[in-house]
Amino acid sequence: MMASIGDFDPLNTRVPATKIEVTVSLVVLYLQAVGTKEWREFGRTEVIDNTRNPDFVRKFVLDFFFEEKQNLRFDVYNVDSRSCNISKHDFLGQTFCTLGEIIGSTGGRLERTLSGIPGKKCGVIILSAEELSNCRDIATMQLCANKLDKKDFFGKSDPFLVFYRSNEDGTFTICHKTEVIKNTLNPVWQPFTIPVRALCNGDYDRTVKVDVYDWDRDGSHDFIGEFTTSYRELSRGQNQFNVYEVLNPKKKSKKKKYINSGTVSTPTSPTSACNPSQPTSLHYMSPYQMNAYAMALKAVGEIIQDYDSDKLFPAYGFGAKMPPDSKISHAFPLSGDSENPNCVGIEGVLEAYFQSLRTVQLYGPTNFAPVINKVANCAAEITDGSQYFVLLMITDGVISDMVQTKEAVVNAASLPMSIIIVGVGPAEFDAMEELDGDEVRVSSRGRLAERDIVQFVPFRDYIDRSGNQVLSMARLAKDVLAEIPDQLLSFMKSRSIEPRPAISSSPLPGLHRHI
């Protein structure tokens with residue numbers, strides 16, 4: 001709720017200084033005590049390097065009193081050293097005004113010429129103010145990017161993000177900068193916290209603009225692209241629909257085949273991914289829509305279950321502390337019954353999955369090999385062609401036992417078995433790509449896999465942008481299941497197993513799947 005101007009709510013004062021002949025700049029705000037001529041330092045902006053037109057992130061939050069004259073002084077300096085003593089730096093100019101002047105200006109924006117050095121033009125400073133809402137929420141978020149444009153001739157880009165809050169007059173105010181991540185097109189920035197009122201002034205649906213830049217030492221940072229969102233969207237956290245395309249308008253207007261300059265999204269993190277009760281978790285059980293794990297399970301399972309004769313599916317989870325002693329397991333039955341891991345139909349698997357989220361504590365490390373080996377042991381017992389096993393693994397991309405997993409895949413390649421891996425969330429899936437033998441056959445200890453049995457796809461590539469889950473699931477299922485018939489035939493041919501004569505009253509050979 002917005003307070004009236006006469007209330008004692010603080011105001012957010014933005015101080016972007018422009019047209020200053022300076023390479024390393026800083027602004028200091030002084031307040032004059034009522035009834036005296038004494039100036040007291042109130043605060044300083046951050047130091048901005050290598051630009052004559054700095055746009056400062058740090059804000060000054062002041063209490064506004066309509067009935068008082070609140071004198072302000074802004075001094076601008078060129079920073080020459082790390083000293084906190086302001087006299088050690090070069091004075092570049094100053095301006096005086098009242099808080100009321102800023103608030104009373106059109107749009108709450110006041111432009112003043114800097115003075116203080118005789119005979120020299122000192123530049124201009126722009127001051128803007130906006131009344132803060134009563135919102136006291138603090139937002140914590142983390143972002144990552146994928147496949148950003150390469151801007152550096154030698155090496156990759158050095159990306160960073162700049163967040164802007166939209167103003168009522170259509171302009172934007174800078175409110176946060178991330179750190180620079182060197183030499184990568186797939187950066188993961190550190191988590192940061194920001195007051196919600198600084199990001200959107202308490203209006204959850206107000207536009208938030210984010211620019212992506214490639215950092216350059218001389219300050220001439222290269223623009224990669226931009227996207228817009230809102231705090232309401234950002235607060236969804238890890239969500240398959242919360243991936244933003246980074247667009248460069250100039251490139252888009254020049255190149256007909258231009259798609260984007262990369263994507264930005266929320267990465268998987270142990271603290272959020274492991275708590276299904278939090279909306280930021282990929283396992284979040286929303287009352288309104290299925291999470292990505294459930295969507296992948298349902299999409300693939302509902303098609304492949306038609307080829308299973310008994311509709312009983314052994315289903316396992318990997319990476320959790322089990323009750324009652326919190327022992328870590330890397331292959332626990334979702335049913336909770338170690339003697340009978342079967343679930344009845346895909347709906348039974350989904351029910352067991354949701355129930356297990358309520359009873360176990362998701363925990364690292366994430367080991368793939370135990371589950372692969374468990375299914376491989378079952379497949380090794382039936383190699384006459386009467387059954388073929390399909391293992392569906394749904395993962396956020398983390399894998400802790402790559403060496404053991406490669407060996408498990410190589411061993412399984414000689415068995416009647418295929419492995420489907422669906423990556424959910426926005427993380428990098430380099431390890432999963434390596435297991436998919438389309439380009440280079442998986443090997444372990446000098447042994448090549450007898451055949452390609454792994455199919456990997458990232459679910460985000462199949463998400464319908466309009467939010468149509470049915471369409472997203474159909475796209476996913478079509479792609480991940482496309483290789484299964486050929487993989488089944490390759491095993492049968494390698495063992496010279498001929499098709500059985502058709503018997504009208506008998507079901508198809510059992511095609512078992514595990515999760």
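In the chain, which longest range has no GluC sites (Glu not before Pro) that are both DSSP loop (not H, G, I, E or B) and surrounded by at most 13 other Cβ atoms within 10 Å?
180-338
When peptides 357-363, 112-118 are sorted by average Cβ neighbour count within 10 Å, with the highest value leading, the order is 357-363, 112-118. Among LYS209/LYS256; LYS59/LYS120; LYS150/LYS256; LYS59/LYS147; LYS120/LYS177; LYS147/LYS177, which pairs are too far apart, with a Cα-Cα distance over 23 Å? From LYS209/LYS256; LYS59/LYS120; LYS150/LYS256; LYS59/LYS147; LYS120/LYS177; LYS147/LYS177, over 23 Å: LYS209/LYS256; LYS59/LYS120; LYS59/LYS147; LYS120/LYS177. Among the chymotrypsin sites (Phe, Trp or Tyr not before Pro) in region 202-261, none sits in a DSSP loop with a Cβ that has at most 10 other Cβ atoms within 10 Å. Amide H contacts of GLY43 (H built 1.01 Å from N, in plane; Pro and chain starts excluded): LEU29 sit under 5 Å, all sequence-distant by 5 or more or on other chains. Each helix, a run of at least 4 DSSP H residues, gives -39500 (n - 2.57); summed and divided by the residues of the chain, these come to -5500 deg cm²/dmol at 222 nm.
Taking amide H positions as modeled 1.01 Å from N, with prolines and chain starts lacking one, the residues under 5 Å from MET322 and 5 or more places away or on another chain are LYS327, ILE328, SER329.
The lysines whose alpha-carbon is closer than 26 Å to the alpha-carbon of LYS327, local same-chain residues fewer than 8 away aside, are LYS374, LYS406. With a Förster radius of 51 Å, plug the Cβ-Cβ distance of SER386 and GLU245 into 1/(1 + (r/R0)^6) and report the FRET value to the nearest 0.05. With R0 = 51 Å, the Cβ-Cβ based efficiency is 0.60.
Using the Cβ-Cβ distance between ASP438 and ILE497 with R0 set to 30 Å, the FRET efficiency works out to roughly 0.75. If R0 equals 30 Å, the separation of the Cβ atoms of GLN355 and ASN468 corresponds to a calculated FRET efficiency of about 0.60. If you roll a 1.4 Å probe over region 290-370 with all protein chains in place, what percent of the accessible area is carbon or sulfur? The C+S portion of the solvent-accessible surface of region 290-370 is 51 percent.
Using a 1.4 Å probe on the protein chains only, how many percent of the accessible area of region 138-265 belongs to carbon and sulfur? Carbon and sulfur together cover 50 percent of it. Under 5 Å between amide hydrogens, built in the peptide plane, is the criterion, and for PHE60 it picks out THR13 among residues at least 5 positions away or on other chains.
Here region 405-426 is scanned for amide nitrogen atoms under 20 Å from the site 7 Å beyond the Cα of ASP461 along Cα-to-Cβ, giving 418-426. Of all DSSP-defined beta bridges confined to the chain, some 85% are antiparallel rather than parallel. Entry comment: accessible area of the chain is 49 Å² per residue, from protein heavy atoms only and a probe of 1.4 Å. The modelled label-to-label distance between ILE328 and ARG445, using points 7 Å beyond Cα along the C-beta direction, is 2.4 nm. Rg of the Cα atoms in the chain, relative to 2.2 N^0.38 Å, amounts to 1.26. Axis of helix 484-494 versus longest Cα principal axis of the chain: the two differ by about 40°, to the nearest ten degrees.
Among the chymotrypsin sites (Phe, Trp or Tyr not before Pro) within region 40-81, those in coil by DSSP and having at most 16 neighbouring Cβ atoms inside 10 Å are PHE65, PHE66.
What is the extension gain from GLU111 to PHE192, computed as 0.36 nm multiplied by their sequence separation minus the C-alpha to C-alpha distance, in nm to one decimal?
26.0 nm
Express the carbon and sulfur contribution to the solvent-accessible surface of region 59-128 as a percent, rounded to the nearest whole number, probe 1.4 angstrom.
The computed percentage sits at 50.
Among the trypsin sites (Lys or Arg not before Pro) in region 61-103, those placed in a DSSP loop whose Cβ has at most 13 other Cβ atoms within 10 Å are LYS69, ARG82.
The values are calculated or read from the model by the stated rules, or taken from the named source; none is laboratory data. Please read these numbers as outputs of a predicted model, since none were measured by experiment. For neighbour counting, all protein chains shown are included, and Cβ atoms are generated from backbone atoms with ideal geometry for every residue, glycine included. Heavy atoms of the whole protein, side chains included, go into the accessibility calculation; ligands, DNA and RNA do not. Shrake-Rupley method; radii C 1.70, N 1.55, O 1.52, S 1.80 Å.
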